[in-house]
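Below: one structure, written as structure tokens.
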Amino acid sequence: MKSYKKELWFETQQRRQLINITPKVEECLQESGVKEGLVLVNAMHISASVFINDDESGLHHDFEVWLEKLAPEKPYDQYKHNGFEDNADAHLKRTIMGREVVVAITGGKLDFGPWEQIFYGEFDGKRKKRVLVKIIGA
Ligand code: ZN
């Protein structure tokens, strides 16, 4: 069995941003040499997500509006967590959008359903943060 690990680093310009990381995960898969197995991709921070969905700008806008309705960033003092921090909304958004994804590897490729793409969801950005890619298989 082969095992492969890599950390991908991100520093977004905005506090919240969605990044399609599918090409980077595909690069990892090529480097790993795994043809049959599983890839785990997870955010290493509790204010960011990794999730699978459509790479469609309208939908990304809808995510932003929906998440702001559920857990608005402001006013900061609506959250008990925001004593020394201002990122309570980011923790809540991360929980809804998820920590990680697992994708099957078949024939050396990510075995996606129609339109599936892997995203890094940043909810408290403008600083360096990372994602773990772990691949196991043969
Ligand atoms: Zn916090």
Place a point 7 Å from the Cα of N20 in the direction of its beta carbon; the residues of the stretch 106-138 whose amide N falls under 20 Å from it are 109-123, 131
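Calculate, in nm to one decimal, what F84 and D111 gain on full extension: separation in residues at 0.36 nm each, minus their alpha carbon distance.
On the way: separation 27, 0.36 × 27 = 9.72 nm, distance 4.29 nm.
Once the chain is fully extended between F84 and D111, it gains 5.4 nm.
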Total charge of the residues flanking L110 in space, meaning their Cβ is under 9 Å from its Cβ, with Lys and Arg +1 and Asp and Glu -1, is -2
Taking every other residue with Cβ under 12 Å from the Cβ of H91 and scoring Lys and Arg +1, Asp and Glu -1, one gets -1
At the level of C-alpha centres, the distance separating the stretch 106-138 and the stretch 63-85, in angstrom, is 26 Å
H61 neighbourhood, Cβ < 14 Å, K/R = +1, D/E = -1, net charge -4
The exposure ranking of M1, M97, M44, fewest beta-carbon neighbours within 10 Å first, is M1, M44, M97
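Per DSSP helix of 4 or more residues, -39500 (n - 2.57); summed, then divided by the residues of the chain. What does that give at 222 nm, rounded to the nearest 500?
Values: 3 runs with 35 residues, N = 138.
It comes out at -8000 deg cm²/dmol, rounded to the nearest 500.
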Taking Cα atoms only, helix 88-97 is inclined relative to the longest principal axis of the chain by an angle, in degrees rounded to 10, of 40 degrees
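With only alpha-carbon atoms in the gyration tensor, what are the semi-axes of the equivalent ellipsoid for the chain, in Å, largest first? Don't skip to the answer; put the middle values down first.
Details: eigenvalues 183, 49, 25 Å².
Ellipsoid semi-axes (Å, largest first): 30, 16, 11.
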So R99 and E27, fully extended at 0.36 nm per residue minus their Cα-Cα distance, gain in nm 23.8 nm
The aspartates and glutamates whose Cα lies under 17 Å from the Cα of K2, excluding any fewer than 8 residues away in the same chain, are E26, E27, E31, E36
Classified through the alpha carbon gyration tensor (a ≥ b ≥ c as square roots of its eigenvalues; rounded if a/c is under 1.5, else prolate when a/b is larger than b/c, else oblate), the stretch 67-107 comes out prolate
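We did not get these values from a lab; they are worked out from the coordinates using the rules stated. Note that the structure is predicted; figures quoted are calculated from it, not measured. Every residue, glycine as well, gets a Cβ built from its backbone with ideal geometry; the counts of neighbours run over all protein chains shown.
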